Every structure is written in C-alpha cells, then in structure tokens.
Amino acid sequence: MNAKNYSNELAKDMNMEAYLTEQWKAFETIYIRKIAGFSSIDLGYKLQLPIIGRVLRWNAEKMIHSESKNRKAVRGDGHFGQVIPLEEAKIIIGNLAAEPIIENYCMCRWMQRGMKERCCINFGVLSGVIEKLPRFIPQNAKVRLSRDETIARLEEHNRKGYVASVWFQPVPYINAICSCESPECGGLRLRNDFGLNTVYKAEYVMNVNPDKCQGCGSCVSMCQFSAIRLIPSLGRVIVDINKCFGCGVCRHACEHDAMNLLPRDQFLGLRGQY
Amino acid sequence: MFPKRSPKVTIDYSKCGDGGKVDPRECTKCLRACDPAVFIIHESPNMPLDPIDPKFWRITAVWLSLCTRCMKCVEVCPVGAISVSG
C-alpha cells in the first residue's frame with residue numbers, strides 16, 4: 001500500500017481530471033467501441049479464433065495494464081483492480097483515500113442490468129468528475145461521505161455478499177473501492193469468463209476449520225465465485241482454493257466461527273497466483 | 001479449428017431505444033431476465049450527443065458466447081424487439 005498512489009498530487013501530475021472525465025462520460029460504450037478494429041461484441045468467440053484470438057488477448061492485456069503516455073481514456077486503458085477483504089478496505093478508506101469521498105451508483109450494474117445501486121466508493125479527483133454526471137449521482141441520499149460513514153457503508157455491502165475491490169484508474173493512480181457482484185462486474189466478467197487479468201485475487205485464501213463447520217451451508221450462497229460447496233457426506237463445506245478470490249465475504253454468513261483467511265503464500269500451489 | 005459460433009441476438013431499434021417509443025432505461029426487462037447478463041445498455045451511437053447526460057440509449061447483446069438460447073429475453077420483451085437465432 002503506497003500512499004503516493006492515492007494522492008491528489010499524483011492525480012495533478014498525471015492530469016487526471018481531464019482523463020477521467022473523458023473516460024467516465026462515455027463509459028457505457030466501452031464494449032461497443034471498436035479497438036484496433038475489434039469491439040468486445042462476442043468477445044468469447046473472437047478470443048478463441050486461431051492467431052487473431054491470441055493477438056486480441058495480447059493487445060487487451062497490454063491495454064488493461066498500460067502505463068504508456070498515449071493511453072486512451074475511452075478504452076479504459078490502465079484500469080484494473082484487486083479483490084481485498086473488508087479489513088484492508090477499511091484501512092484504505094481510513095488512512096489512504098484522498099478527500100472527497102463519494103458514494104455513487106455502480107457503473108457495472110447500470111450497464112449490465114439497468115439497475116441503480118448506490119454502492120460504488122470513489123475518492124480523490126474522480127469524485128469531482130463523477131459529481132458532474134447526473135446519471136451516477138443518487139437522489140435523496142448523501143453523496144459525499146465522511147471516512148466513518150464510508151466504512152459503515154462498505155461493511156453493509158460486504159455483509160450483503162458484495163466483494164470489495166480496489167482499482168487503478170489508470171495505473172498507478174488508485175481512486176475507487178467497488179462492491180462487486182459476478183457476473184455484473186465488468187472486471188470480474190472479463191476475468192472469470194474470458195481469462196483476462198482485469199481483477200487480481202486477494203493476498204488471502206479462505207480456510208474452513210473442519211472441526212467447527214457444522215455443515216449448514218449458509219456460506220455457499222455468499223460466494224460470488226462458486227468456490228464453496230457443501231458435501232453432505234462429510235457434513236461440512238469444502239473450498240476450491242483455485243477458485244477462491246480471498247474476499248472473505250463468506251465469513252459473514254458463518255455462525256460457527258469456522259472460516260478464516262490465510263495468506264495465499266502459505267499454500268505452495270497458489271504462490272504467485274493472483 | 002474454428003470455435004463454435006455464438007447465437008445471434010438482434011434487437012430491432014425501430015421498436016426499442018434510440019429515443020423511440022420505449023426507453024430502455026425505463027424498461028430494463030431483458031437486462032434483468034438474462035441470467036448470464038449478455039446485454040449491455042449504452043448511449044446510442046450517431047445520435048445528438050449530450051456529453052453530460054445522454055438522452056438516447058439502446059441495448060446491445062455483447063457477451064454472445066455466454067448466451068444459452070433460453071429465450072427468456074424474447075418472452076419478456078414487451079414490444080417484441082428481440083430475436084435469437086443460430
């Protein structure tokens with residue numbers, strides 16, 4: 001966690017206000033737009049094409065992680081994130097996030113479901129950019145929040161089953177903590193359905209204590225990644241740690257204190273796999 | 001050698017969106033009916049632009065490879081604008 005990546009000074013140096021305004025005012029057209037001759041329409045088919053598919057994948061990864069001076073805001077260049085457990089989200093909001101902090105309607109849920117859900121936390125320069133776009137500003141609700149109010153809202157979303165994730169927009173400037181759902185989230189969609197590295201897994205992975213687990217299965221319904229399964233003959237749940245993103249959302253459903261997060265590094269088979 | 005073709009989902013924009021009779025922002029029925037969330041709502045291209053608060057919207061089926069041809073979108077559309085083939 002590098003405090004510099006959250007600072008308004010960095011945003012100013014990078015001339016972020018103009019860049020983010022261009023990105024956000026037409027964000028919904030990002031999948032329709034042709035990029036190097038290809039739009040994201042039927043991306044699943046295009047990525048499987050011989051040769052062309054590999055070139056597309058290489059180009060998409062290059063864009064997602066782009067730090068180039070020529071990156072284009074309308075394509076969302078340099079915009080990727082990482083899943084984080086609630087504890088880390090609280091540290092970021094409590095100490096690192098630049099003022100002002102706002103809570104606005106989620107872009108992804110709006111694009112994918114036409115739904116206005118007030119759950120997207122943005123901060124720093126991006127707050128001012130979004131405040132100028134009426135379709136993302138909640139009516140009859142407080143938009144600018146204090147740090148404590150933001151943490152309370154984040155906890156509320158996390159308990160509902162929304163996955164906290166922190167975002168570069170664009171790298172290395174960090175200005176958002178989302179509460180994501182799969183498949184609505186654009187990042188999780190590209191990662192889970194098409195294998196593009198738009199979202200990285202958290203530094204943790206879920207661990208179930210077999211002695212404490214009573215096999216009630218409440219945690220299964222919380223998982224956005226289908227990583228937990230109830231095994232009736234064992235009388236407990238199992239976690240597929242290859243699918244687990246380490247968000248820790250399932251812990252909220254457990255009434256028997258059977259779930260805890262362990263550092264990803266402890267699992268030899270998962271080292272370096274994010 | 002070539003991957004399986006995705007279903008074709010076409011939306012008749014004379015019946016829905018682009019500032020016509022149905023505003024997809026008000027309806028959103030297909031967006032919600034689709035389990036794999038194949039559709040995207042976005043501002044209409046080639047329409048008078050309002051960079052701050054766009055007035056013309058349409059729906060496009062983007063993630064076609066995930067379409068299961070369940071036809072729920074066709075059933076739910078109040079103006080019969082969606083057709084699925086292939």
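The values are calculated or read from the model by the stated rules, or taken from the named source; none is laboratory data. Keep in mind that what you see is a predicted model, and the values were worked out from it rather than measured. We place every Cβ from the backbone using ideal geometry, glycine too, and count neighbours over all the protein chains shown. Calculation scope for accessible area: heavy atoms of the full protein, side chains included, ligands and nucleic acids excluded. Shrake-Rupley method; radii C 1.70, N 1.55, O 1.52, S 1.80 Å.
Mean sequence separation of contacting Cα pairs (under 8 Å, at least six apart), scaled by the length of region A:63-190, corresponds to a relative contact order of 32 percent. Pairing chains A and B buries close to 2600 square angstrom of accessible surface in total, based on protein heavy atoms and a 1.4 angstrom probe. The calculated FRET efficiency for the pair B:Asp53 and A:Leu230, based on their C-beta separation and a Förster distance of 41 Å, comes to about 0.30. Accessible area per residue was computed with a 1.4 Å probe on protein heavy atoms; A:Cys250 scores about 10 Å². Estimated purely from DSSP H runs of n ≥ 4, each contributing -39500 (n - 2.57), the mean residue ellipticity at 222 nm for chain A is -8000 deg cm²/dmol once divided by its residues. Average projected area of the Cα convex hull of region A:1-160, in nm²? So the Cα hull casts an average projection of 10.5 nm². Unpaired Cys in chain B, meaning no second Cys C-beta under 4.7 Å: B:Cys16, B:Cys27, B:Cys34, B:Cys67, B:Cys70, B:Cys77.
The alpha-carbon atoms of region A:130-264 define a convex hull whose volume equals 145 cubic angstrom per residue. Give the relative contact order (percent, whole number) for region A:116-274; include only Cα pairs under 8 Å separated by 6+ residues. So the answer I get is 20 percent. Ratio to report: Rg/Rh of region A:5-90, with Cα atoms as the point set and Rh obtained by the Kirkwood method; give two decimals. Taking Rh as the inverse mean 1/r over Cα pairs, Rg/Rh reads 1.04.
Radius of gyration (Cα atoms) of chain B, expressed as a multiple of 2.2 N^0.38 Å: 1.13. Take A:Glu181: with every protein chain present and a 1.4 Å probe, its accessible area is about 40 Å².
Find how many whole Å separate the alpha carbon centroid of region A:9-74 from the alpha carbon centroid of region A:155-220. Here the answer is 22 Å between Cα centres.
Excluding same-chain neighbours fewer than eight residues apart, the lysines reachable from A:Lys201 by a Cα-Cα span under 21 Å are A:Lys62, A:Lys90, A:Lys160, A:Lys243. Expressed as a whole percent, the accessible surface of the protein assembly as shown that belongs to carbon and sulfur atoms is 53, based on a 1.4 Å probe.
Just checking the listed ones, A:Leu49, A:Leu126, A:Leu96: in the Gaussian network model of chain A with Cα springs under 10 Å, the one fluctuating most is A:Leu49.
Considering only beta bridges that DSSP places wholly inside chain A, some 95 percent are antiparallel. Largest accessible area first, the listed residues B:Thr68, A:Thr29 line up as B:Thr68, A:Thr29 when surface is computed with a 1.4 Å probe on the assembled protein chains. The charge dipole of the protein assembly as shown, taken about the Cα centre with unit charges on the Cβ atoms of Lys, Arg (+1) and Asp, Glu (-1), comes to about 1060 debye, rounded to the nearest 20. Cross-link candidates for B:Lys29: which aspartates and glutamates have Cα within less than 16 Å, leaving aside residues fewer than 8 places away along the same chain? Counting by Cα, and skipping residues close in sequence, B:Lys29 has these aspartates and glutamates nearby: A:Glu184, B:Asp12, B:Glu75. Taking 1.306 mPa s as the viscosity and 10 °C as the temperature, the Stokes-Einstein diffusion coefficient of the protein assembly as shown based on its alpha-carbon Kirkwood radius rounds to 74 µm²/s. Surface calculation, 1.4 Å probe, protein heavy atoms: A:Val220 sits at approximately 50 Å² accessible. Based on protein heavy atoms only, region A:15-117 ends up with 44 Å² per residue of surface accessible to a 1.4 Å probe. Between the chain alone and the structure with every protein chain in place, find the residues of region A:91-121 that drop at least 20 Å² of accessible area; heavy atoms, 1.4 Å probe. So the qualifying set is A:Trp110, A:Met111, A:Gln112, A:Arg113, A:Gly114, A:Met115. Using the 1.4 Å probe convention, the accessible area of region A:144-197 works out to 31 Å² per residue with neighbouring protein chains retained.
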